[in-house]
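Below is one structure, written out as structure tokens; comments come after it.
Every read-out reported here was derived from the displayed coordinates using simple, explicitly stated rules and does not represent laboratory data. Keep in mind that this is a model prediction, so the values were computed, not measured. Virtual Cβ from ideal backbone geometry, glycine too; neighbours counted across all protein chains shown.
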Amino acid sequence: MSELPKGWVATELGKIAQVVGGSTPKNSSDSSNFQQNGIPWITPSDLTGYTKTYISRGKRDLSQKGFISCGTKKLPKGSVLFSSRAPIGYCVIANNEVCTNQGFKSFVPFEGIIPEYLRYYLITSKNYIESVASGTTFKEISASRIATIPIPLPPLNEQRRIVAKLDRLFARSRCAREELGRVSGLVQRYKQAILAAACSGRLTADWREQNPSVESALDFLERIQKEREKRYKGEILELKTQGRSVPKLSEFQHKNSSGYIPRNWVSISVESACLFIVDCPHSTPKFISEGEYCVDTTSIEPRKIVWSKVRKVSKEEFVERTSRMLPSKGDIIFSREGTIGTVVRIVNDPSFCLGQRMMMFRFSPLILPEYAELYLQSSIFIDQYEPLIIGTSSPHLNIGAIRKMSFSVPPLNEQKEIVKRVERLFKTIDLIEQEHQKASKLLDRLEQATLSKAFRGELVPQDPNDEPAAVLLERIQSDRQAQPKRKAIKSTRKPRGKSLNE
């Protein structure tokens, strides 16, 4: 610890607060261990996404039976709860008397230690505490180890000034973070608005006025059908050469548009827009460390494959899972279960098979894969399939339902114009998103810099009239020595002695 300001003292967490571990009922699946409006009980999962400083209770309360089964202690109001495993680093202050599960090492500050000061210090020390934790499956820090974590201690009045200043600064920071948090939502809504305009014809209304000689819908419809049949013949020859099964070409189906589309656009079924629609094998792949790539719902995000998350299967399983068709450049993969509706166009010559819950579209020659990718992401398509999602425990779409949905297609030149305009607009929006991410990272660094400054004694001025922290620490030690020792809780988990609040 670097040189501290005058009046400060270097000490350890265990010398300024009592460290208390939590516990869980012996049989956590026994519902009688829990009750509504019982003894407040906090677990790390209660703090996932939790942004407040104080907490009153978690999702479940202990019954008296559960409390006795735990053999845990009631922590008084003002205790600082610090998650010490899975994950390390959640930190809140008890707003009333609470208990915690075994995922916490809590601190009951001694008199003269401001809980909020201790919390801020634990937040800024998260990475260090995690670095000295032990464990292989997951990291955990013991009560004895966390008690030795060093902490710079200022005088009591300076603790108050530091906390007041940090509260003000972090209130501004929270407001800035909330504003930044809205950006991501706005970006997605704006992209969806662009897609809706693109796939309904509104985005290129001016282009059609400037290009009035585009072929009629009837001519375009006939040409789609003829080119589809022609390409199908070539595709099946290739499939036969590869020794794969040859799917039938589905019947071409013209549909009446349920909404407005421009007069030279056509509306056909999804299967009529495709040469092939291929479902994945309905089995969970057996993943191995080395082998062939297998893309599933865990390794895709909108419009991209996250290769760092792609798992592998054996050569034999790869062959089995591509027996129907091997994905190729221009094909579109679509998740119909789990993260329903994630769309990815294959942009390079791939070598992967499909995992469970995936399907693949191979579109007709007069339908650009780039346009099809946009259409399948648009609200126009989403609004069709959302009412058809079935299943409660595992919501999913049936491939048969997807085949019959409507697919609106503009002439080829207008498809190209739509793709060009959408990509240009998306690029502008992505720049905004990148700036948002930079601002978020800058805010994180600013908060860390502010905390570091606070615990170097540089955030607020020192007052020579403040009682030195060394005197405060001596008084804490004297008070502790004067207090009778509390009886320990036996390993049988039957409570003995008084709780901390008694």
Inset, instruction - Determine the equivalent ellipsoid of region 1-41 by diagonalising the alpha-carbon gyration tensor, then write out the semi-axes as square roots of 5 times the eigenvalues, largest first, rounded to whole Å. - result: 42, 11, 7
Inset, instruction - Using the Karplus curve 6.51 cos²θ - 1.76 cosθ + 1.60 with θ = phi - 60°, work out ³J(HN,Hα) for each residue of region 361-376 in order, rounded to whole Hz, and write x for Gly and Pro. - result: 10, 10, 7, 5, x, 8, 10, 5, x, 5, 5, 4, 4, 5, 4, 5
Legend entry - Protection-proxy order for peptides 90-103, 5-18, each taking the mean of Cβ atoms within 10 Å per residue, highest first: 90-103, 5-18
Legend entry - Selection from 380, 75, 200, by position along the positive dipole direction of the chain (Cβ): 75
Legend entry - Rounded to 10°, Cα long-axis angle of helix 217-241 versus longest principal axis of the chain: 80 degrees
Legend entry - Within region 218-272, trypsin sites (Lys or Arg not before Pro) in DSSP loop having at most 11 other beta-carbon neighbours inside 10 Å: 248, 263
Legend entry - Too-long pairs where the Cα-Cα distance tops 29 Å, listed order kept, from 6/139; 15/74; 191/416: 6/139
Legend entry - Inverse of mean 1/r across different Cα pairs in the chain, Kirkwood, Å: 28.0 Å
Inset, instruction - Note down the magnitude of the dipole of the chain about its Cα centre, charges +1 on Lys and Arg C-beta and -1 on Asp and Glu C-beta and zero elsewhere, to the nearest 20 debye. - result: 1520 debye
Inset, instruction - Rank 434, 245, 135 by how far each Cα sits towards the positive end of the charge dipole of the chain (+1 on Lys, Arg Cβ; -1 on Asp, Glu Cβ) and give me just the farthest. - result: 135
Legend entry - Overall form of region 141-298 per C-alpha gyration tensor (a/c, 1.5; a/b vs b/c): oblate
Legend entry - region 215-410 - Rg and Dmax from Cα coordinates, angstrom: 16.9, 54
Legend entry - 5 angstrom amide H check on residue 34, placed H, neighbours 5+ away: 63
Inset, instruction - Counting other beta carbons within 10 Å of each Cβ, put 148, 136 in order, fewest first. - result: 136, 148
Legend entry - Relative contact order of region 215-410, pairs being alpha-carbon contacts under 8 Å that are 6 or more residues apart, as %: 26 percent
Inset, instruction - Filter the cross-link list 165/438; 126/438; 73/105 down to pairs whose alpha-carbon distance in this structure exceeds 20 Å. - result: 165/438; 126/438
Legend entry - Angle in degrees between helix 412-454 and the longest Cα principal axis of the chain, rounded to the nearest 10: 10 degrees
Inset, instruction - Please label the shape of region 359-483 as rounded, prolate or oblate, based on the square roots a ≥ b ≥ c of the eigenvalues of the alpha-carbon gyration tensor (a/c under 1.5 means rounded; beyond that, a/b larger than b/c means prolate, else oblate). - result: oblate
Inset, instruction - Keeping to pairs on different chains or 8 or more places apart, tell me how many lysine pairs in region 248-393 have Cα atoms under 26 Å apart. - result: 12
Legend entry - Relative packing of 366-376, 463-473, which averages over residues the other C-beta atoms within 10 Å, highest first: 366-376, 463-473
Legend entry - Extension gain, residue 393 back to residue 351 (0.36 nm per residue minus Cα-Cα distance, nm): 11.9 nm
Legend entry - Longest to shortest principal axis, alpha-carbon extents of region 311-389, angstrom: 39, 29, 19
Inset, instruction - Quote the relative contact order of region 1-147 in percent (integer), defining contacts as alpha-carbon pairs under 8 Å separated by 6+ residues. - result: 28 percent
Legend entry - Charge dipole (debye, nearest 20) of region 215-410; +1 at Cβ of Lys and Arg, -1 at Cβ of Asp and Glu: 200 debye
